[in-house]
1. Using packing as a proxy for protection, rank 184-195, 89-100, 234-245, 60-71 so that the peptide with the highest average count of other Cβ atoms within 10 Å comes first.
2. Counting each pair of different Cα atoms once, what's the Kirkwood radius of region 182-253 in Å, rounded to one decimal?
3. Put +1 on the Cβ of each Lys and Arg and -1 on the Cβ of each Asp and Glu in region 182-253; which of Ala252, Gln205, Ser220 then has its Cα farthest toward the positive end of the dipole?
4. Can you check what the net charge comes to around Val69, using other residues whose Cβ is under 14 Å from the Cβ of Val69 (Lys, Arg +1; Asp, Glu -1)?
5. Taking the convex hull of the Cα atoms, report for region 65-179 its projected area averaged over all directions, in nm².
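Each value in this text was obtained by applying a stated rule to the coordinates, not by laboratory testing. The shown structure was predicted, so the numbers you read here are calculated from the model rather than taken from an experiment. Note that each Cβ is placed from the backbone with ideal geometry, even for glycine, and that neighbours are counted across all protein chains shown.
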Amino acid sequence: GGGAGGLVALVLAAGLARGFYIVGEGQRGVVLTFGRLSEETLPGLRWRMPWPIQSHEIVNLQQVRTVEVGYRNNVRTKVLKESLMLTDDENIVDLQFAVQFTVKDARDYVFNVRRPDETAMQIAETAMREVIGKSRMDAILYETQVDIANRAHELMQTIHDRYGTGIQVSTVTIQNAQPPEQVQAAFDDAVKAGQDRERQKNEGQAYANDVIPRARGAASRLGQEAEGYKQRVIANAEGDASRFRQVLAEYAKAPAVTRERIYIETMQQVLASTSKIMMDYRGAGNLLYLPLDKIMQQAGAAPLTDAQSSQRPSEPTPDLGPRSRESLRGRERGER
């Protein structure tokens, strides 16, 4: 009897000893009694009743877990059924991204979700498809990947909180985004065409920035010149009108005198810019030709040549021809 009692005591002691467990730093223990949640334990040495009465699970709250959507281990190892997504402008993008998360509530993580990692992947794919479906292809490929990741992050966390998964999404990282391989070449050509368009647009803008200011300056200068010409013409016209009114007043007082004065002034203006020749045909029919403008020019130049002629020896007077002598005789008869 004593041996049997000792054996029972030993079995009981071993069973009770199996109830001890350790919860590490950054972990939580979840105790189940007959499969139902009993309590959540903090870090340290803990004890529970032996199985099958109670059991426990350890959940690491500090561990960073990662799910990969659209690829496995390497972006070249694609999973097309996950990575191909429809965009807002009805294109298809091949997208691979990773989601990192931690556990913020051990109870929810253990009891509300049967397969937490698979659930996290499904939620990540669903949220990303919704965000991609509201974005245009060009923006996804070349512009707003960071913004897309942030929007997907926010939507994922909203879904996790709604379903109480106990998961806290840490980061969403887009690893690769490109058109499907079947149309990659066409998209490359489209991108090149877009770059050429931007380059030509920039060149045109630079040309416009150079030409427009110069054209505006020329237009302003022409406008100022036209305004000056306008003012000058108006002033001249007003002056002419004023002089005409004065002449009209004088004409009303003495018409004959005014006509004579106007005639003389007009002839002075006309003859001032023309060659003047005096011709005398009276007498014996000899024609006297006297170019007055030439004589006046020679008279003006005579003082300059007097000094030179005084230094040179006198030259014999050239013999005048018969016509010249006749012209001089005719001039003398006219004077007499």
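1. 89-100, 60-71, 184-195, 234-245
2. Details: mean 1/r = 0.0557 Å⁻¹.
In region 182-253 this quantity evaluates to 17.9 Å.
3. The one lying farthest along the dipole's positive direction is Ala252.
4. -2
5. Values: hull surface 26.1 nm².
Value for region 65-179: 6.5 nm².
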